[in-house]
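Report on the following structure.
Bear in mind these aren't lab numbers, they're just calculated from the coordinates by the rules spelled out. Since this is a predicted model, take the numbers as computed values, not measurements. Cβ: placed from backbone, ideal geometry, glycine included. Neighbour counts: every protein chain shown.
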């Protein structure tokens, strides 16, 4: 497996994808398990109801059995064979009609002794000499040209300790509604409890899976951030080393140019002037390159955020004073307005100095000679606001949109890091940078961040 694949497997994106797949897989498993459980519970309830209905129909058929036994006891008959010799009017009556379609008492060989239809007595039906227990069957039976659903109950007729015959009773199911038994109620309650426990288990399992997946994702995020920090530290060390070496080389070039400039004094005036201009150009480019490398290192290296109480008003006045000479050269008016309440603000003074300095340089390059720049610091609610406003040309829509992008600059000699550094300073203080842009009239950039005024 390649390193690229291993890195992806350690990444939060892979963990998030696996979490979604795991949840979908578990959801499918739970759905399948629930479907199987639902099917089995229906089968169980059907079996319980079928058994309860069977017992109910057997209880109904036992009424006929009791009627016949009472008749035999009355006439002191010990055997149903004695009924064969009795006259029809001296036999027990087996009523039918309504919910009872037929009632038949036969001997073990299938000879019909009693029948709810008297005309059927003396006929033969299927022998049941092996019947030893009650049987209940549901079947479709054609009666008087109509097919009906019938519950056929078979009972072994036992008398004097021996099975002497078979009692068969047929019930029309459409006229009988067996009552709900206590066993069915218990079964339904058990199924309801099982469903409740199952749903609780599924909910807990989903929560557990979600929690574990979040933990794994957070762990992957932590590992990813640690890896990024490690990589960034390595890049910072490498970058700082490269910048240091390049700046040393540039300083060497500038020193040698200065030595050459001293030698130019010995040259004729024409050559001296020509070489001096070229040397100054080299000095400027070397200085500009050195400054650009310093800005790059400042942006790339986060540095420590060290907030402490500072006199922000004094800091802003000090920064403004450092620009007085440059503003005087360009005939630009620089005004510094600071609130008197900004004497004790908790912030990182070093970072704020860097951010405000970049804002002022940005405005200096935007305004023309005779322009105006206002550096203002104020407290607004629970926020500190530091703004730099100028009456230059403002920004076009594309520049405003990309102004905080790294290395984006509209200036030929710009590094594209100034406003990116300003944004980084604001974010490190828990704040932001707002742009109030008026193309052709000027622009105002404001650093705002919260502070505790207690």
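Remark: spin-label model distance residue 17-residue 73 equals 8.4 nm, labels positioned 7 Å along the Cα→Cβ axis.
Fewest to most neighbouring Cβ within 10 Å: what's the order for 390, 452?
Working: 390 25, 452 7.
Placing the least packed residue first, the sequence is 452, 390.
Full extension of the chain between residue 274 and residue 329 gives 17.2 nm of extra length, using 0.36 nm per residue less the Cα-Cα distance.
Full extension of the chain between residue 340 and residue 284 gives 16.1 nm of extra length, using 0.36 nm per residue less the Cα-Cα distance.
When the chain is fully extended, how far beyond the present Cα-Cα distance does residue 177 get from residue 369, taking 0.36 nm per residue of separation? It would help to have the intermediate numbers written out before the result.
Numbers: separation 192, 0.36 × 192 = 69.12 nm, distance 10.48 nm.
Gain in length upon complete extension: 58.6 nm.
Please find the FRET efficiency linking residue 246 to residue 208, where r is the Cβ-Cβ separation and R0 is fixed at 60 Å, and quote it to the nearest 0.05. The formula returns an efficiency of 0.60 here. Across every pair of non-identical alpha carbons in region 27-142, the mean reciprocal distance, once inverted, gives a Kirkwood radius of 17.4 Å. Shape analysis of region 78-175 yields a ratio of the Cα radius of gyration to the Kirkwood radius, Rg/Rh, of 0.97. The label-point distance for residue 149 and residue 311, in a model that sets each label 7 Å from Cα toward Cβ, rounds to 9.9 nm. Taking packing as the residue-averaged number of other Cβ atoms within 10 angstrom, the listed peptides 115-126, 424-435 run from highest to lowest as 424-435, 115-126. Listed by Cβ neighbour count within 10 Å, with the fewest neighbours leading, 324, 133, 365 appear as 133, 324, 365. Of the two radii for region 306-450, the radius of gyration is 0.95 times the Kirkwood radius, both from the alpha carbons; that is the Rg over Rh value.
Extending 7 Å from the Cα toward the beta-carbon at both residue 66 and residue 253 defines two label points whose distance is 12.0 nm.
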